Ligand SMILES: Nc1ncnc2c1ncn2[C@@H]1O[C@H](COP(=O)(O)OP(=O)(O)OP(=O)(O)O)[C@@H](O)[C@H]1O
Ligand SMILES: [Mg+2]
């Protein structure tokens with residue numbers, strides 16, 4: 001694959017309309033300095049220098065699509081708190097269509113990391129994982145009424161991905177992919193694509209098997225069209241008609257969080273553009289290789305893909 005081919009893929013992405021539905025997470029980073037221990041308790045005092053917010057979870061999948069020119073819609077739940085305003089602002093900035101539904105009975109899911117001396121001192125989570133129901137569920141289902149080329153279900157098991165939602169997606173009859181959580185396994189039946197990491201794939205099965213046995217079993221049991229298991233530093237395993245491993249492409253690894261979000265976004269956009277799985281897997285590896293060289297959940301820009309081709313990272 002050369003620059004021309006990549007430019008053609010990116011052109012095709014611009015014609016796609018993809019909806020991401022799932023658990024939206026607000027990733028918050030507080031960076032500071034530590035110079036003393038608190039007089040109140042034996043803990044360090046962090047003097048805050050700056051704060052950063054990012055779209056995480058389903059929001060990061062949407063951000064990865066939008067950053068490569070896909071017309072992207074994000075459907076999920078936020079609270080009625082300040083976090084929702086920050087999410088809405090980030091969606092506007094990233095050119096993502098905001099289909100968030102407000103739930104007065106839960107907080108916006110937020111993960112705050114306190115970072116000092118280049119290391120995480122503490123993470124604070126705000127979340128309520130109960131399954132969505134009633135009015136909020138009704139409004140969530142209405143969000144699926146749009147005309148779309150495909151749907152990505154980004155499940156972090158925080159209550160959005162439920163039976164009603166998955167049934168409605170299957171009824172709609174569009175291509176849908178799932179980035180799964182093992183505890184919701186039965187919800188994903190008949191997905192066009194599922195992209196667990198190796199650990200998630202293992203815990204969806206009762207028995208310890210080899211990678212290949214595990215993949216074929218999972219694909220058969222859930223009646224998936226295609227299964228792709230991400231293998232971290234080892235790359236991507238494809239279970240379609242055949243089995244094949246595509247080695248990872250990263251040059252420097254700084255922070256692997258969110259790489260799975262990039263992979264499901266890229267694979268889905270490639271499949272909907274009519275590319276075959278070999279090309280899709282290679283391309284997803286290149287893009288994931290770029291995001292693991294960045295701090296926190298991250299996205300990749302077209303110019304970074306072209307740059308990485310130039311640097312000899314052949315797709
Ligand atoms: N250490 C690494 N070196 C090179 N590439 C990596 C590394 N870790 C991840 N990747 C790339 O990112 C892809 C997805 O990574 P991984 O299998 O860790 O997904 P994940 O566990 O779902 O990630 P997350 O849930 O944090 O988003 C891999 O298939 C590979 O392309
Ligand atoms: Mg993952």
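Each reported figure results from applying straightforward, stated rules to the coordinates on display, with no laboratory input. All values reported here derive from a predicted model rather than from experimental measurement. Cβ placement follows ideal geometry from the backbone for every residue including glycine, while neighbour counts extend to all protein chains displayed.
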**Asked** Over all Cα pairs of segment 187-305, how is the pair count split among 5 Å bins, expressed in % and running from 0 up to the last occupied bin?
**Response** 2, 12, 23, 24, 19, 12, 6, 1, 0
**Message:** Once you order the gyration tensor axes a ≥ b ≥ c over the Cα atoms, which shape class does segment 84-136 get: rounded for a/c under 1.5, otherwise prolate or oblate by comparing a/b with b/c?
**Reply:** oblate
**Item:** Whether segment 47-126 is rounded, prolate or oblate, judged on the alpha carbon gyration tensor where a/c under 1.5 counts as rounded
**Value:** oblate
**Request:** Express as a percent, rounded to the nearest 5, the fraction of DSSP beta bridges in segment 54-133 (both residues included) that run antiparallel.
**Result:** 65 percent
**Item:** Inter-centroid distance (Cα atoms) of segment 101-137 relative to segment 1-19, Å
**Value:** 34 Å
**Prompt:** Taking the chain as a Gaussian network, where each spring joins two C-alpha atoms under 10 Å apart, which residue of 186, 177, 66 fluctuates the most?
**Reply:** 186
**Request:** Quick one: check the C-alpha center-to-center distance for segment 172-188 versus segment 268-308, whole angstrom.
**Result:** 22 Å
**Request:** Counting only DSSP beta bridges with both residues in the chain, tell me the antiparallel percent, nearest 5.
**Result:** 45 percent
**Request:** Taking every Cα atom in segment 78-218, find the radius of gyration and the maximum pairwise distance Dmax, and write them in Å.
**Result:** 17.4, 51
**Asked** Taking the chain as a Gaussian network, where each spring joins two C-alpha atoms under 10 Å apart, which residue of 173, 22, 57 fluctuates the most?
**Response** 173
**Item:** Sequence of 168, 106 once ranked by neighbouring C-beta atoms within 10 Å, starting from the fewest
**Value:** 168, 106
**Asked** What Kirkwood radius, in Å to one decimal, follows from the Cα pairs of the chain?
**Response** 20.1 Å
**Message:** Please report the antiparallel percentage of DSSP beta bridges with both residues in segment 1-118, rounded to the nearest 5.
**Reply:** 45 percent
**Request:** Using a cut-off of under 19 Å, list every residue of segment 232-255 whose amide N is near the label point 7 Å from the Cα of residue 295 along the Cα-to-beta-carbon line.
**Result:** 252-255
**Cα centroid separation - segment 65-89 against segment 217-241, whole Å** = 29 Å
**Fill in**
A correct fewest-to-most ranking of 1, 194 by other Cβ atoms within 10 Å would be 1, 194
**Asked** Per residue Cα convex hull volume for segment 126-199, in cubic angstrom?
**Response** 103 Å³
**Prompt:** What order do you get for 216, 277 when you list them from fewest to most C-beta neighbours inside 10 Å?
**Reply:** 216, 277
**Prompt:** Which whole-number percent is the relative contact order of segment 249-315 (Cα, under 8 Å, 6+ apart)?
**Reply:** 43 percent
**Request:** Quick one: compute a quarter of the convex hull surface over the Cα atoms of segment 1-86 and quote it in nm².
**Result:** 9.5 nm²
**Message:** Give me the percent relative contact order of segment 138-266, please, defined on Cα pairs under 8 angstrom at least 6 residues apart.
**Reply:** 18 percent
**Prompt:** Which of 304, 208, 200 moves the most in a Gaussian network model of the chain with Cα springs under 10 Å?
**Reply:** 208
**Item:** Convex hull of segment 161-226 built on C-alpha atoms - directionally averaged projected area, nm²
**Value:** 4.1 nm²
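Would you mind estimating how fast segment 222-276 diffuses translationally, via Stokes-Einstein at 37 °C and 0.692 mPa s with the Kirkwood radius over Cα pairs, in µm²/s?
The Stokes-Einstein estimate is 265 µm²/s.
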